[in-house]
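Worksheet: one structure, shown below.
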Amino acid sequence: MKIKNLIALTATISILSACSSIPSLDSSSPDYRKTMSFKAEPDQAVLYIYRTRLSDFQGTVTSVDIGNEELGIFPNCVHRFELPAGKYNFEPNGFGLFAIEEELDIEMDNGSVNFVELHHNSRIGIPNVSKLTAQTQADFEKVMATDELCVTPIKIISK
């Protein structure tokens, strides 16, 4: 009986320490309020990338490439990126040797706010799929209400 309790305790501590290692903003912080305002400065574009609870590979940090920049994306979190206006190609980094990575091209104007969902599908016997999908603010707000995504620190990207 003691071994079962020890295993349960170890598993609980491991899960809690993994969750606490994701950097997230307190709801009272200025950056949290800025993230949840869905507003951009007039001289930049804003990109939100998020993963819902329906995405596979929940225990892992994944990434999205924007040119030479690799952006870490945490599970069950939303990320706000502030970047110069322009045309961008976003490429998810999938799981597995033959993973299918469905890219997304977006042209972002100064002052624009864009929402993208990163979704991973784990499949047995055939390649996994990682897909980026453009979403609306209303779509994102529904996800925030149901999944209670964590909000990560804002990242500024220069071209």
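The values are calculated or read from the model by the stated rules, or taken from the named source; none is laboratory data. The shown structure was predicted, so the numbers you read here are calculated from the model rather than taken from an experiment. Note that we place each Cβ from the backbone using ideal geometry, even for glycine, and neighbour counts take in every protein chain shown.
Worth a mention:
- Every residue from the range 44-69 that is assigned to a strand (DSSP E or B) and either surrounded by fewer than 16 Cβ atoms within 10 Å (Cβ to Cβ) or of a type in the set (Ser, Thr, Tyr) (or both): Tyr48, Tyr50, Thr62, Ser63, Asp65, Glu69
The rows are residues; the columns are (1) loosely packed, with under 14 Cβ neighbours inside 10 Å; (2) within 12 Å of the chain's Cα centre (by Cα).
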position: Pro92; (1), (2): no, yes
position: Ile100; (1), (2): no, no
position: Leu104; (1), (2): no, no
position: Glu107; (1), (2): yes, no
position: Val116; (1), (2): no, yes
position: Val129; (1), (2): no, no
position: Leu132; (1), (2): no, yes
position: Gln137; (1), (2): yes, no
position: Pro153; (1), (2): yes, yes
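- Residues (outside any strand (DSSP E or B), of a type in the set (A, V, I, L, M, F, W, C) and modelled with pLDDT of 90 or more) located in the range 70-105: Ala85
- For the range 35-42, the criterion of being within 12 Å of the chain's Cα centre (by Cα), closer than 30 Å to Glu101 by Cβ and modelled with pLDDT of 80 or more is met by none of the residues.
- Every residue from the range 122-159 that is without any contact (Cβ under 8 Å) to a residue 60 or more places away in the chain, part of a loop (DSSP other than H, G, I, E, B) and at negative phi: Arg123, Ile124, Ile126, Pro127, Thr136
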